[in-house]
Amino acid sequence: MNAPEPRQAVAAPLWLLAELTYRCPLHCAFCYNPVDYARDRAELSTGQWFDVMRQARQLGAAQLGFSGGEPLVRDDLEELVGEGRRLGFYTNLITSGVGLTETRLARMKELGLDHIQLSFQDSTREMNDFLSSTRTFDLKARVARLIKQYDYPMVLNVVLHRFNLDHVDRIIDMALEMGVDYLELANTQYYGWGLVNREQLMPTREQLQRAEAVVNDYRARIGNKVRILFVVPDYFEERPKACMNGWGSVFLGIAPDGTALPCHAARSLPGIAFPNVREHSVKDIWYASGAFNRYRGDAWMKSPCRACPEKDKDFGGCRCQAYALTGDAANADPVCSRSPQHADVHAIVMQAQAAQEAARRQQVQPIVFRTDANSRRGGSGP
Ligand code: SF4
Ligand code: SF4
C-alpha cells in the first residue's frame with residue numbers, strides 16, 4: 001500500500017467495532033447507517049469475521065463491539081461472541097433488542113458476553129413505535145427485564161431530538177423503573193439518516209436547555225446510583241468534539257462488507273478509497289493505508305486549525321461534519337466558533353425554530369424512514 005507517512009507515531013487500535021450487518025427490522029429516522037446501505041449486501045462470513053477479530057486482537061485491540069444494523073439478525077452472533085471472548089476481548093452487544101430471545105441471551109451469557117446496550121426510541125409506546133416505524137416497545141421492555149434477569153448491568157441508550165426532548169423526564173423515569181445503571185441520552189447527530197431528516201429532528205435551543213436542566217435535576221436527586229450521560233448535539237456547541245478521539249487513533253470500524261472505517265460515517269467522504277479486509281491485512285489497513293493516514297497528525301489541517309492551540313484537544317473536530325457542512329473534509333469542523341463557516345451552523349439552528357412552527361401547521365417535509373426502498377432512492381421519500 002502506498003501511504004503517506006504519518007507525522008506522529010501511530011498507536012494500535014483499542015476498539016474494534018464489528019458492524020455485522022446493515023439489516024435491521026427497525027426503520028429509525030435518525031439511523032447512522034449510510035443512506036445507501038441497501039446497496040451493500042455482501043456481508044463478511046463467520047470465518048472472515050474470526051480472522052478480522054484475530055488480527056485486530058494481535059494488533060492490540062481490547063474492546064469489541066457487535067453492532068449493525070441489528071447484529072441479532074446474524075445467526076452466527078453467538079459464535080462470534082464466543083470467539084471474541086476466546087481471543088480475550090471485552091465484548092459488547094449493541095442492540096435494538098429485536099431477536100434477543102431468552103435462549104440466545106442464555107447462550108451468550110454462557111459464552112461470556114460482557115455487556116449489552118439496549119436502545120429505546122422513547123418512553124411511550126406510541127412515540128417509540130412511530131420513530132422506529134415498528135411495534136417494538138413492548139418487546140424492548142421484555143428484553144430489558146431479561147437483561148436484568150441475566151445479571152447484566154442495565155445500559156440503555158435513547159436518541160433525543162425534537163420529538164422526545166420535552167419528555168426526557170418520563171424517559172428517565174422509565175429507565176429508573178427498569179433498574180438502569182447507565183443511561184445514555186444522546187442527542188441526534190446529523191449523519192446518515194439523521195442528516196436526511198435534520199429539519200424534522202433538530203430541536204430548538206430552548207428545548208435543549210429545558211431538557212438539560214431536567215437531566216441535571218435528576219442527577220442531583222439520584223446521585224451516583226445511576227450514571228446519566230447527556231450528549232449535546234454538536235450544532236449547539238462552540239467547540240467540536242474530538243471525533244473518535246482523532247482519526248485513526250483508537251477506533252477501527254469494519255462495515256458489513258469488510259470495508260475498514262476510521263469512524264461510522266466516514267463513507268460519506270468522497271475521494272477516499274477505504275480499504276477492505278478481504279484484500280488487506282488489518283495491520284496494513286491500520287498503519288499503512290492512505291485512508292487511515294489521511295487525517296492523522298496535523299499536516300492536513302488548514303487555517304484556523306493549523307495554528308490553533310486547541311488542535312491537540314479536538315483534532316479539528318469531525319471530518320464528516322466538516323464535509324457535510326462546508327464541502328471540504330479538511331476544513332475546521334464548522335461547529336467551532338473559530339471556523340469561518342460557523343455562522344452557517346447558527347443559521348441551521350435558527351431554522352429549527354421556523355421548522356417547528358411549520359410542523360405545527362403541517363407544512364414540513366414528512367420524515368424519511370430508514371427503509372430499503374428509501375435507501376435505494378438515495379434517502380428521498382416516496
Ligand atoms: S438506529 Fe434504528 S434502524 Fe438504525 S440500526 Fe439502530 S435500530 Fe436499526
Ligand atoms: S480552530 Fe480547529 S483546532 Fe481550533 S478549536 Fe476550532 S476546530 Fe479545534
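The values are calculated or read from the model by the stated rules, or taken from the named source; none is laboratory data. What you see is a predicted model; the values in this text were computed from it and never measured. Here the Cβ is made from the backbone with ideal geometry for all residues, glycine too, and neighbour counts use every protein chain on show. The accessibility values were calculated without ligands, DNA or RNA, using every heavy atom of the protein model including side chains. Shrake-Rupley method; radii C 1.70, N 1.55, O 1.52, S 1.80 Å.
The figures follow:
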{"read-out": "Pairwise centroid distance, computed over Cα atoms, of segment 233-298 with segment 312-354, Å", "value": "19"}
{"read-out": "Excluding exposed DSSP-loop GluC sites (Glu not before Pro) (at most 15 other C-beta within 10 Å), longest clean stretch of the chain", "value": "1-236"}
{"read-out": "Number of Lys pairs (Cα under 19 Å; 8 or more positions apart or on different chains) in the chain", "value": "9"}
{"read-out": "Distance in nm between pseudo-label sites at GLU126 and LEU176 (7 Å out along the Cβ direction from Cα)", "value": "2.4"}
{"read-out": "Relative contact order, percent, the chain [alpha-carbon distance under 8 Å, six or more residues apart]", "value": "22"}
{"read-out": "Among ASP217, ASP344, ASP333: highest mean-square fluctuation, GNM of the chain, C-alpha pairs under 10 Å", "value": "ASP217"}
{"read-out": "Residue-level accessible surface for HIS346, protein heavy atoms, 1.4 Å, Å²", "value": "70"}
{"read-out": "Loop-located chymotrypsin sites (Phe, Trp or Tyr not before Pro) in segment 95-174 whose Cβ has at most 16 other Cβ within 10 Å (DSSP)", "value": "TYR150"}
{"read-out": "Selection from SER96, TRP49, ALA322, by position along the positive dipole direction of the chain (Cβ)", "value": "ALA322"}
{"read-out": "Loop-located trypsin sites (Lys or Arg not before Pro) in segment 125-156, at most 12 other Cβ atoms within 10 Å (DSSP)", "value": "ARG135"}
{"read-out": "Loop sites in segment 1-94: trypsin sites (Lys or Arg not before Pro), DSSP, at most 12 other Cβ within 10 Å", "value": "ARG7, ARG41"}
